[in-house]
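In what follows, a structure is listed as C-alpha cells, so that the remarks can point back to it.
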Amino acid sequence: MSFQLASVNSRTPTTATVLLALLCFLSLSSVSAQDDFFNSLDIDIATNEESDSPHSFLGWINTDIGYGLQAPGALFSRSDSELNKAELSLFGQWDITLGERSSFRFSGKAYHDEVYRLQDHNNYAADETSEFRNRFEIRDLYVEHEFDNGVYVKAGNQILAWGMSEYLRVTDLINVENQYTFGQQDLEDLRLQVPALLSSVNINGLTLDAVFTYEAGGNDIAPAGDEFDQFVALRALGTQLHRSEPEKQHEVFFRLSGQTAHGDFQLVAGEFNDNGFSLQRIAGDTHNPEAFLGQNRMRALGLALNRVAGPWLLFSEIGIHKDKTIRPVSNAFAIQAQGWQQKDQWLGVFGADYSGFRNLTLSAEVDVTRTLDNSRILFGPATQTSIGLRAYWTAMNERLQLVAVSNQLAENLGRIDRLSVDYDWSDSLSLGLLWVNYTAPVNSYVHLFSRNDVLNVRFRYSFQSN
C-alpha cells in the first residue's frame, strides 16, 4: 500500500466529448450479466463466436452511496460523520474486429457526484468540486494486431499488468494508479491505462515483451480538501504547491517470461518515471513556504515466479529499485525542507494462495523492503515488513461473493481492514456492500487519514449488445 504523493488526474476531455460519450452509451439497452461489484470490469477481449457482427458493446450503470463513519478532522472539507458520496457512474466498452488478426477497443467512464449539492453546508474546496462533481475518463483506446510471423503489437491507451504480488509493486511498474482513496480496492482495480506501444515475440518457448510509453503521467490523487488529500500536511503549513513535468517523458520496459512444469516466471527491467510525485525541495521560510514536487527518474530489475502444488499457489518476487525517493517518517517542516532523498532499495515478496476449502480461497503475502545507505532518523529501520491477508468466499453458484482483507502497514504505521459483500440479484442487477476501517497511531504519517472509515452501498445495472 503506497501513500506516496502523486499527480492529479489529467484525463478530463471537453464538455462536448463528455456529452457525446454519454449519448452513445445511453443509446444501447440490451442486457447481459456482469458479476463484478466493487471491482472494475474485467472482460475477455475475445469476440462472441456465435455472432457474425464485428462489433460488440457492453457496459454498466452504477449508483454508489457512501457514508463516512467518523469526522475526518479540521483539515478536511467534511466536518462530521455523514454522507460523503452520492455518485452515479456510467461505463461503456466498444470492441470491433478489424480482420482475422486485428481488433480495436474503446472504453470510457463518466461520473457525477451529487453529494456536493446535498451536503452544501460543507465548505468544499473549489479543486474538490471541480475534480469530482463531473468527470469523464478515457480508459482503453488501442489497436492490436498479430503478424504472420507471430509478432504481436498493441498500440494505444492500455493496461499492462506484470508481476504477481498484490500489495508491493516490484515488477508491476508500468501503469499508474487510482489513489483517490486508500485500501478500498484490490490492485487489479487500481491500475489505470497509459499510452504505450507493446511488442511481443516468442523465442524458443519464451515470450519477450518490449514496452515504450510517452507522457504516461502519474497516479491520480484526491484534490485539496478531500478526506484523502495526500498533500494535507503541507497545506496545513500554508505551503504553496508547484508541480513540474518529468525531465524525460518516455519510459522503456522489457519482460522475458515463460512456463515451467509447475509454474511461471517473469524477468523484468525498466527505466521509468516514479508514478508518485515526491517533494524535491521547499523554498522560502516557515511563514511563506513553497513546495516543489516532481517525478524522479528510476531504474529497476526484478524477478517474479510462482509454483502450483495441489491446492497451493506459491508466488514470490525480488528486485532492486534504483534512485527511489523515500518519504521521511515525520511530516516536520525542517526534515522535509531539502526534499526527499533518493535511495536504492531491495524489495521482496513472499506469498501463498490456498484453495483447499470448498468455495473459499485464503491468501497471505509478506512484503519486505530494505533501504540501502539508510538514515534511521529520516526513514525508520532499514528493513521494513508489511503483511496482507485476504479471504474470498462464494456461495449460491457464485451469485454471492464475500471478500475480507487486512493490510498491516510496515513498522506498525497503520492497518486497513476491508469487508465487501456482493450479490447478483439477476443477470443484469447486482447489489454490494463495502466497509473499510482505518487504524493508525499518532506517530504515523498516515494518522491524518485514520478517521476515514466508510460504509458504501452499490447498485449496478449491466448491459451488452453484439
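Determine whether Leu279 is crowded, with 21+ Cβ neighbours inside 10 Å and in contact with a strand residue (DSSP E or B) (Cβ under 8 Å, 6 or more places away or on another chain).
Answer is yes for this residue.
Got a sec? Which of Ser386, Ser355, Ser444 is in a strand (DSSP E or B), surrounded by 16 or more Cβ atoms within 10 Å (Cβ to Cβ) and of a type in the set (Gly, Ala, Ser)?
After ruling out the rest, the residue left standing is Ser386.
With respect to Glu227, is the statement that it is touching a residue at least 60 places away in the same chain (Cβ under 8 Å), part of a loop (DSSP other than H, G, I, E, B) and within 30 Å of Val446 (Cα to Cα) true?
So Glu227 fits the description; yes.
Scan segment 92-112 residue by residue and report those that are among the charged types (D, E, K, R) and crowded, with 21+ Cβ neighbours inside 10 Å.
Answer for segment 92-112, where residues must be among the charged types (D, E, K, R) and crowded, with 21+ Cβ neighbours inside 10 Å: Asp95, Arg105, Lys109.
Here's the yes/no breakdown for (1) hydrophobic (A, V, I, L, M, F, W, C); (2) farther than 21 Å from Ala210 by Cβ:
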| site | (1), (2) |
| --- | --- |
| Gln259 | no, no |
| Gly276 | no, yes |
| Pro289 | no, yes |
| Asn296 | no, yes |
| Pro311 | no, yes |
| Leu314 | yes, yes |
| Ile318 | yes, yes |
| His321 | no, no |
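For segment 420-432: of the residues being of a type outside the set (Asp, Glu) and surrounded by fewer than 16 Cβ atoms within 10 Å (Cβ to Cβ), which is farthest from Ser77 (Cα to Cα)?
Here the answer is Ser426.
Return the residue satisfying two criteria in turn: it lies in segment 125-138 and is assigned to a helix (DSSP H, G or I) and of a type in the set (Asp, Glu), and of such residues it is nearest to Thr63 (Cα to Cα).
Glu131
For residues that are touching a helix residue (DSSP H, G or I) at 6+ places or on another chain (Cβ under 6 Å) and not in a strand (DSSP E or B), scanning just segment 113-124, find the one that is surrounded by the fewest Cβ atoms within 10 Å (Cβ to Cβ).
In this case the residue turns out to be Tyr116.
Failed condition for Thr97, given (1) part of a loop (DSSP other than H, G, I, E, B); (2) closer than 20 Å to Pro54 by Cβ, with all others met?
Status for Thr97: all satisfied but (1).
Those residues that are hydrophobic (A, V, I, L, M, F, W, C) and modelled with pLDDT of 95 or more, I need them from segment 432-463; list them, please.
Leu433, Leu434, Trp435, Val436, Val454, Leu455, Val457, Phe459, Phe463
In segment 389-416, how many residues are charged (D, E, K, R), crowded, with 17+ Cβ neighbours inside 10 Å and either closer than 24 Å to Arg358 by Cα or out of contact with any Ser or Thr (no Cβ under 7 Å at 6 or more places or on another chain) (or both)?
Residues in segment 389-416 being charged (D, E, K, R), crowded, with 17+ Cβ neighbours inside 10 Å and either closer than 24 Å to Arg358 by Cα or out of contact with any Ser or Thr (no Cβ under 7 Å at 6 or more places or on another chain) (or both): 1 in total.
Can you tell me which residue among Glu137, Glu146 is surrounded by fewer than 18 Cβ atoms within 10 Å (Cβ to Cβ) and not hydrophobic (A, V, I, L, M, F, W, C)?
Glu146 is the lone residue from the list that is surrounded by fewer than 18 Cβ atoms within 10 Å (Cβ to Cβ) and not hydrophobic (A, V, I, L, M, F, W, C).
Which residues, taken from segment 359-374, are surrounded by 14 or more Cβ atoms within 10 Å (Cβ to Cβ) and over 30 Å from Tyr423 (Cβ atoms)?
Across segment 359-374, the qualifying residues are Val366, Asp367, Val368, Thr369, Arg370, Thr371, Asn374.
Could you list, in sequence order, the residues of segment 389-422 that are in a strand (DSSP E or B), more than 24 Å from Phe182 (Cα to Cα) and out of contact with any Phe, Trp or Tyr (no Cβ under 7 Å at 6 or more places or on another chain)?
Hits for segment 389-422 are Thr394, Ala395.
The values are calculated or read from the model by the stated rules, or taken from the named source; none is laboratory data. It should be emphasised that the depicted structure is a prediction, and the values quoted were computed from it without experimental measurement. Cβ sites come from the backbone with ideal geometry, for glycine too, and all protein chains shown count toward neighbours.
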